[in-house]
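The values are calculated or read from the model by the stated rules, or taken from the named source; none is laboratory data. Bear in mind the structure is a predicted one, so any value in this text is a computation, not a measurement. Here the Cβ positions follow ideal geometry from the backbone for every residue, glycine too, while neighbour counts run over all protein chains shown.
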Amino acid sequence: MPDSTTLILFATAALVLTATPGPDMLLIASRSVSQSRMAGLLTYFGIAAGTYCHAAAAAFGLAQLLETVPAAYELVRWAGCVYLLYLAIKTLRGKALADLSTKTVAAISQVRIFLEGLATNLLNPKMALFVLALFPQFTGPENGSILMQMLVLATILNVVGFVVNGTVILLVAQVRVGVKLAPRFVRLPNYFLATVFAALASRLAFGGRG
């Protein structure tokens, strides 16, 4: 297990990284404002679960495959693009999000929202490369199981991310609570969320490996 100094240093780095607005925060915020705090929270939990998967993949050497085999990276990247575009189209064609109550989201859509957050994270090869680049700097064979060290670091990242993104969820969800849309604008949240999905797909498609 890494020593306390290493863990504190990693937690500090995690705070800086998670507090910097990025695709995950954008997706969580858009879910919160277009659907509910519950939807934003479930999206975060899906993304957090994906972080554990990437950490385990890095420990087992699977993440190196994306770094060293261009075809594998491209396959995951384009699969992610297609999936995000599918979510955009599905959101546009679905029921008006503004009409869905928090209770409805919790009862009907919670598994789907969680899985969409998870899949969005897993199908982002940049996240795999991020974990591969950052986590090994805070691990070492002298500290025991590499897998356990990776999972500990993933837990720290997720806890810090929960605090940061939880704050974002609470703040942006107030927009939904405080604004009552006129009937002709009731589908605006759908357009907003679909635009976010499409923007994330474009970023994945044209952003390169960096």
Exercise for the section: Go through the stretch 89-107 residue by residue and tally those that are part of a helix (DSSP H, G or I) and either modelled with pLDDT of 85 or more or among the hydrophobic types (A, V, I, L, M, F, W, C) (or both). Expected result: 7
Problem - Candidate set from the stretch 34-88 (those that are charged (D, E, K, R) and either surrounded by fewer than 17 Cβ atoms within 10 Å (Cβ to Cβ) or not in a helix (DSSP H, G or I) (or both)); member that is modelled with the lowest pLDDT - result: 67
Problem - Elements of type helices (runs of 4 or more DSSP H) in the stretch 111-210, at least 3 residues being farther than 28 Å from residue 93 by Cβ and at pLDDT 85 or above - result: 125-134, 146-178
